[in-house]
Structures are given as C-alpha cells and as structure tokens.
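Novice: If you scroll down you'll find the structure; I have some questions about it.
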Amino acid sequence: MESVGSIITYVIVVLAMIVFSVLAVTTRKILRAATYLLFTLFAAAAIYFMLDYEFLGAVQIAVYAGGIVVLFVFSILLTSKPGDNSEKLTSKSRVLGLIASVAMLGVAGWALISRCANFTARPQMEAPLMSDLGTALMGTGAGQYLLPFEAVSVLLLACIIGGVVIARRR
Amino acid sequence: MEITAIYYLIPSLIMFCCGVYGFITRKNMIAMLISLELMLNAVDVNFVVFNRFLFPGQMEGMFFTLFAIAIAAAETALAIAIIINIFRSTKNVDVSGLNEMKF
C-alpha cells in the first residue's frame, strides 16, 4: 500500500511526462519542442528518483538537461530564425504517423496489460550506495563493468574528434 | 492503490509512441532528433523499471541505462555536428529539401 503523498507525486510526474512528450512532438515551434523535451527528461529523472536510483536521476539531469538540451537549443538557434513555424503537416504524413504510433501503442499496450497479473507490488530495496556503484563500475569480476566503462570513454573521445572534424569550417 | 510496474511501463510506452509519431511526421532534422531522444529515454525508463521491480538489489538495468545515456549524448553531439554541417552547405535542415547526394 502506497502512501497518499507518493501516489500524488506519481500522478503529477507521470502526467507531466505524458503531456510534455505529446507537446514536444506536436508543437510547431521548434524551440518550444526542445523546451518540452527538457521537461519530459526532468519527469524521467523524477521517476528514477522515485524508484530509489538517485545517482541515475542525477546523471539524467546533468547529462540530458545540462548537456543535450543545451546542444539542441544552440543548434536550433544556429539553424533557424526564432519564431519560425514549421510548415503545416500534410494530412498524409499525419495519418501515417498516427497509424504507426497508435498501432504500436495498441499492440505493445495489449501485450503489457494481458500480462499485468505478473507484476507485483514494488519489492523492498535499499538505494544502492555510491561505494557499490563505484566498485561495480570499476571492477572486472562478474556483474562489474570496467570494460564497457573504458569502451564508453573511447567512444566519447571518438565522438569529440568526429564532432570537431565534421563541424569544422573548411 | 498499489503502484505496480505497469503504472510506469504504460507512460513510457506512450512516450515511445509519441517519439514514433514525431519521427514520422517531422520534417526538420533537429525535431526528428528530439523525437529520437524521446524514444531513447522511454527505453531507459523501461530498463530501470524492470530492474527495480523484478531484480531489486542488482544493478544491471541501472548500468545499462547509465551507458545508454552516455551513448545517447555522444550520438546527439555527432548528429548535431552533421546537421550544422549540412546547414552550412545547403542553408536548409528540412529532410524534404535534402536530395543533393541522392541521385
């Protein structure tokens, strides 16, 4: 049984996530779409906090809200005039998109709800400590992640070099 | 009222479908990238929810999400570099107007 406060928090966060993600794909001003994306990412971070993964929520806010959305805003301001509207959707592409997304919603939603009985209430868990996270990230044993960690660092280096090379003025 | 896993999975499914809709209907490449971010983020939420509800005490889903966030950041940075480069040469970021290399 959940407390009333946690249910209210849950409803607010989930409503914000759904409403802002719908707005982010339907608004015609591109800068507003980026702002709504920011709010959606905040709602996802709030979900991570609600599920006791504080570190993940902090990473979500730092990387997504602090890094990616800023990149989006800069690139939007570089490539379009503020106040530009995107052109009106043709009814063909809108119908196509609606069919694809509603079909997907139907199929996946039916698959989820038909197995709804398998989902039990949230089990007890202590939030993972930072020391656990550190040893899991830096260890080489089973269930530890040193190799992907190093691979990601090489990937980020390649990404830096690639970004500089691609976006450089010739 | 018990908040089970389904109460988190359905909103993230809706978020994913919004991403699909935006990816199909949008013409601006940055808007398509925003829809892509929505889809990626919905998948991340799913990983975390399954980890928390089915395997509490383990951290596989959490680390998968952590690495997915890092890779999404790298991918977005590269995609935006490509978009800016395209904009510089064609003054246009709409996919419908980009057919120079096609034929």
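Since every read-out is calculated from the coordinates, none of them should be taken as a lab result. Bear in mind that the values here come from a model prediction, so they are computed numbers and not experimental data.
Novice: For the protein assembly as shown, what number results from the quotient of the Cα radius of gyration and 2.2 N^0.38 Å? Display every interim value, and only then the final one.
Specialist: Values: Rg = 19.7 Å, N = 273, 2.2 N^0.38 = 18.5 Å.
Taking N as the residue count of the protein assembly as shown, the ratio is 1.06.
Novice: Below 8 Å between Cα atoms, with a sequence gap of 6+, how large is the relative contact order for segment B:27-93 in percent? Before the final figure, lay out the partial values.
Specialist: Values: 30 pairs, mean separation 24.7, N = 67.
This gives 37 percent for segment B:27-93.
Novice: Which of the helices in chain A, when you take each full DSSP H run, stretch at least 24 Å along the axis at their Cα atoms and have an average Kyte-Doolittle score of 1.0 or higher? Could you put the intermediate results ahead of the total?
Specialist: Working: long enough: A:4-26 (33 Å, 2.55); A:30-50 (30 Å, 1.75); A:91-114 (33 Å, 1.34); A:146-167 (31 Å, 2.42).
In chain A, the long hydrophobic H runs are A:4-26, A:30-50, A:91-114, A:146-167.
Novice: Separation of segment B:1-62 and segment A:80-155 by C-alpha centroid, Å?
Specialist: 4
Novice: List the pair-distance distribution P(r) of segment A:128-170, using every Cα-Cα distance, as the percent of pairs falling in each 5 Å bin from 0 up to the bin containing the longest distance, rounded to whole percents.
Specialist: Binned Cα distances yield the sequence 6, 22, 16, 15, 12, 10, 8, 7, 3, 1.
Novice: Treating chain B as a set of equal point scatterers at the Cα positions, no solvent, please give the Debye-formula log₁₀ I(q)/I(0) at q = 0.11, 0.12, 0.22 Å⁻¹.
Specialist: Results for chain B at q = 0.11, 0.12, 0.22 Å⁻¹ read -0.46, -0.53, -1.13.
Novice: Only Cα pairs under 8 Å and at least 6 apart count here; give the relative contact order of segment A:1-143 as a rounded whole percent.
Specialist: Values: 82 pairs, mean separation 29.5, N = 143.
Value for segment A:1-143: 21 percent.
Novice: Here is a further query. Which residue fluctuates the most in chain A, going by a Gaussian network model with Cα springs under 10 Å, if the choices are A:A100, A:A46, A:A34?
Specialist: Comparing A:A100, A:A46, A:A34 in the GNM, the peak value goes to A:A100.
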